[in-house]
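Bear in mind these aren't lab numbers, they're just calculated from the coordinates by the rules spelled out. This one's a predicted model, so the numbers in the text were calculated from it and none came from an experiment. Reconstructed Cβ throughout: ideal geometry from the backbone, glycine too, with neighbour counts over all protein chains shown.
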Amino acid sequence: MTATIIDGKQVAADIRAELKAEVASLKAKGIVPGLGVILVGDDPASNSYVTAKERTCEELGIYSDDNRLPAETSQDELMALIGKMNADPKINGILVQLPLPKHMNESEVLFAINPDKDVDGFHPVSVGKMVVGEKAFLSCTPHGVLHLLIRSGVKIDGAHVVIVGRSNIVGKPLANMLIQKSPTGNATVTVCHTRTKDLACHTRQADILVAAAGRPNTITADMVKDGAVVIDVGVNRIEDAGKKSGYRLVGDVDFEAVKEKASLITPVPGGVGPMTITMLMVNTVLSAKRAAG
Ligand code: GUN
């Protein structure tokens, strides 16, 4: 079987077109969604993610308050800026780009964000609400994976989903979203990680296999059941002297071999990646609507 490629760029573009129209109709009612963006330090990958987030705000008509702070910024200064954004009615969502410099305590910083503006879905209140099935901002990458599956017509209800990776950003929240009692949940979920014995024995059981391990070639063709849906969340930089940048991006899946076995598969780049920013925009617009009552 040769897989159909899930075009994340197209799905993201479709959602953005819907959002752009929604932002325009909110504007007509005097509501302008606003996103506060904070980047501390000059990590190149974070820098390019933040630039992409700012550009997407502009494209959709969302106001963005962009703050790029030096790596030496103290945690108190960062907390003060978050406090200001918490109190600013023009800001509906606050995004603190991770990772933060080593001298900062990430959980203290995330805890300082008003949960009503936690469009990243990383605040413990958001995470807790999501786990118990209450309305909350869903974190963007797993929410993006969910939408890719739904918009590709994949049946989640009753499926066995195997997730490789247990991060707070992807594996853990995605597992919780997929087991919710709901038509877009009701999956049976197995979460594998670096201490899992015989990884392939688990991955071969998957109707839907999600790779979020952060390591190239974690998933090879022999680890995939015929006809499985394969979602690759990995973003790994591989040295490539032929590229102007000196690197190319690959996922966690051996794409060329696995696409001959899967029924549907996401590429890297152009799969899950474009969905992450799009879901951030979805959450920001949702927050603006909630704030307006
Ligand atoms: N770093 C890597 N992914 C993310 C994300 O989704 N949000 C934030 N704030 N930082 C990240």
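At-a-glance table
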| read-out | value |
| --- | --- |
| Largest-first ellipsoid semi-axes for region 130-226, taking √(5λ) over the Cα gyration tensor eigenvalues, angstrom | 22, 15, 12 |
| Those aspartates and glutamates that a straight Cα-Cα span of less than 19 Å connects to LYS225, excepting residues fewer than 8 apart in one chain | ASP157, ASP198, ASP207, ASP252, ASP254, GLU256, GLU260 |
| Cβ-Cβ FRET estimate between LYS90 and THR4, R0 fixed at 41 Å, reported to 0.05 | 0.45 |
| For region 146-282, convex hull of alpha carbons as volume per residue, Å³ | 117 |
| Potential extension, ALA17-ASP76 segment - 0.36 nm per residue separation minus Cα distance | 17.4 nm |
| The chain pair-distance distribution - Cα-Cα, 5 Å bins, rounded % | 1, 5, 11, 15, 18, 16, 14, 10, 6, 2, 0, 0 |
| Point-charge dipole on Cβ atoms (K/R +1, D/E -1) for region 140-273, about Cα centre, debye to 20 | 360 |
| Theoretical ellipticity at 222 nm over the chain - DSSP helices of four or more residues, -39500 (n - 2.57) apiece, nearest 500 | -12000 deg cm²/dmol |
| Of LYS90/LYS172; LYS90/LYS289; LYS20/LYS135, those spanning more than 20 Å from alpha-carbon to alpha-carbon | LYS90/LYS172; LYS20/LYS135 |
| Cα centroid separation - region 98-141 against region 1-26, whole Å | 25 |
| Convex hull of Cα atoms in region 32-115, direction-averaged projection (nm²) | 5.1 |
| Once exposed loop trypsin sites (Lys or Arg not before Pro) are cut out (DSSP; at most 16 other Cβ, 10 Å), longest piece of the chain | 30-89 |
| Net length gained if the chain between VAL132 and ALA292 were fully extended (0.36 nm per residue, minus Cα distance) | 55.0 nm |
| Efficiency of FRET between ASP42 and THR196 - r from beta-carbon atoms, R0 45 angstrom, step 0.05 | 0.80 |
| Exposure rule at most 10 other beta-carbon atoms within 10 Å, DSSP loop GluC sites (Glu not before Pro): the chain longest free segment | 135-293 |
| Distance histogram for region 209-293 (every C-alpha pair counted, 5 angstrom bins, percent rounded to whole numbers) | 3, 15, 19, 17, 14, 11, 9, 6, 4, 2, 0 |
| Degrees, to the nearest 10: 273-292 long Cα axis against longest axis of the chain | 40 |
